[in-house]
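*Asks:* Pasting a structure below so you can have a look.
The values are calculated or read from the model by the stated rules, or taken from the named source; none is laboratory data. Since we're looking at a predicted model, the values are computed, not measured. All Cβ positions, glycine included, derive from the backbone under ideal geometry; neighbour counts span all protein chains shown. Areas reflect the complete protein model, heavy atoms only, side chains present, ligands, DNA and RNA absent. Shrake-Rupley method; radii C 1.70, N 1.55, O 1.52, S 1.80 Å.
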Amino acid sequence: MNQYKIVVADSGENDRQYLTDMLTRNGYIVYKAKDAASTLRITRSVMPSLVLMDVNLMGMNAYDTAMIIEEDNISSVLFITGSLNKNLYDRLEKMNIYAYLTKPVNSSQIKQVVEFSIRNSIKIRKLKDKVKKLENNLEARKKIERAKGIISSRLKISEEEAYKFLRKKSMDLCLPMEIVANKILKDYGEK
């Protein structure tokens, strides 16, 4: 098994230790946090695979803390709660993982839920990376198209010839076409 890192964020010492013991027995590397500030500090330093966070965490609101962790792409958060309510379900809608654990945490279920959450977090991270790459490629393509239009109109050549011109310039300078396109757009007052 891959030794995943997990942060257990719970203000209750007994609950925190109980979760830590269960997770350690299952082969996870566990870090403990007792409040929101230490949770943020630890997650930023160890970049865990998952954060198990009690909804009643001391300090900053647990939901706000979780949003910081997820929006900064540090990790995914799995909430632990003593009571279910509509507010929790509404908050889960905005999280990477739509799952939670209820107190008292069942030792037979924690491994399944944690493993499920980690696997889904990995999938989500890969999908986010793929989307980012596609967005960057699309943006580069748009710049190349605009630069091609400028070349075409300035040199009074077809778009196909302008593309060949741009490609040749890229090869001659040993630079990606996007960088050459950026220079052309900058030189002619576009961004």
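*Asks:* Surrounded by 12 or more Cβ atoms within 10 Å (Cβ to Cβ), more than 28 Å from ASN14 (Cβ to Cβ) and aliphatic (A, V, I, L, M) - does that describe any residue in the stretch 111-130?
*Replies:* yes
*Asks:* On to the next question. Among the residues of the stretch 116-126, is any over 30 Å from ASP21 (Cβ atoms) and of a type outside the set (S, T, N, Q)?
*Replies:* yes
*Asks:* Conditions: (1) open to solvent by 70 Å² or more (accessible area, probe 1.4 Å); (2) in a loop (DSSP other than H, G, I, E, B). PRO48 meets all but one. Number of the miss?
*Replies:* Looking at each condition in turn, PRO48 falls short on (1).
*Asks:* Would you mind finding the one in TYR63, TYR4 that is open to solvent by less than 60 Å² (accessible area, probe 1.4 Å), under 22 Å from ILE122 (Cα atoms), under 21 Å from the mean Cα position of the chain (by Cα) and modelled with pLDDT of 90 or more?
*Replies:* Step by step, each of TYR63, TYR4 is checked, and only TYR4 is open to solvent by less than 60 Å² (accessible area, probe 1.4 Å), under 22 Å from ILE122 (Cα atoms), under 21 Å from the mean Cα position of the chain (by Cα) and modelled with pLDDT of 90 or more.
*Asks:* Taking only the stretch 158-180 into account, find how many residues are without any contact (Cβ under 8 Å) to a residue 12 or more places away in the chain and open to solvent by less than 50 Å² (accessible area, probe 1.4 Å).
*Replies:* 1
*Asks:* Given the residues GLU135, GLU139, which is the only one that is at pLDDT 90 or above, open to solvent by 70 Å² or more (accessible area, probe 1.4 Å) and in contact with an Asp or Glu (Cβ under 9 Å, 6 or more places away or on another chain)?
*Replies:* Unique residue meeting the criteria: GLU139.
*Asks:* Right, another one. Among the residues of the stretch 71-86, is any open to solvent by less than 70 Å² (accessible area, probe 1.4 Å) and part of a helix (DSSP H, G or I)?
*Replies:* No, the stretch 71-86 contains no residue that is open to solvent by less than 70 Å² (accessible area, probe 1.4 Å) and part of a helix (DSSP H, G or I).
*Asks:* Quick one: in the stretch 87-104, which of the residues that are out of contact with any Leu (no Cβ under 8 Å at 6 or more places or on another chain) and among the polar types (S, T, N, Q) is surrounded by the most Cβ atoms within 10 Å (Cβ to Cβ)?
*Replies:* ASN96
*Asks:* Would you please list the contacts, defined by Cβ atoms under 6 Å and residues six or more apart or on different chains, that run from a residue in the stretch 92-121 that is within 23 Å of ASP72 (Cα to Cα) and in contact (Cβ under 8 Å) with a residue 24 or more places away in the chain to a residue that is open to solvent by 60 Å² or more (accessible area, probe 1.4 Å) and aromatic (Phe, Trp, Tyr)?
*Replies:* none
*Asks:* In this structure, does ILE42 turn out to be at pLDDT 90 or above, on the phi < 0 side of the Ramachandran plot and surrounded by fewer than 22 Cβ atoms within 10 Å (Cβ to Cβ)?
*Replies:* Answer is yes for this residue.
*Asks:* Specify the residue that is most open to solvent (accessible area, probe 1.4 Å); the eligible residues are those in the stretch 181-191 that are closer than 16 Å to LEU138 by Cα and modelled with pLDDT of 90 or more.
*Replies:* ASN182
*Asks:* Give the stretch 18-34 a look and list any residue that's open to solvent by 60 Å² or more (accessible area, probe 1.4 Å) and closer than 18 Å to SER108 by Cα, or say none.
*Replies:* Correct list: TYR18, ASP21, THR24, ARG25.
Each row is one residue, and each column tells you yes or no for (1) within 19 Å of the chain's Cα centre (by Cα); (2) under 28 Å from LYS132 (Cβ atoms).
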position: GLY27; (1), (2): no, no
position: TYR31; (1), (2): no, yes
position: SER76; (1), (2): yes, yes
position: ARG91; (1), (2): yes, yes
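*Asks:* If I filter the stretch 22-43 down to residues being touching a Leu at 6+ places or on another chain (Cβ under 9 Å) and in a strand (DSSP E or B), which single residue comes out as nearest to VAL55 (Cα to Cα)?
*Replies:* ASP35
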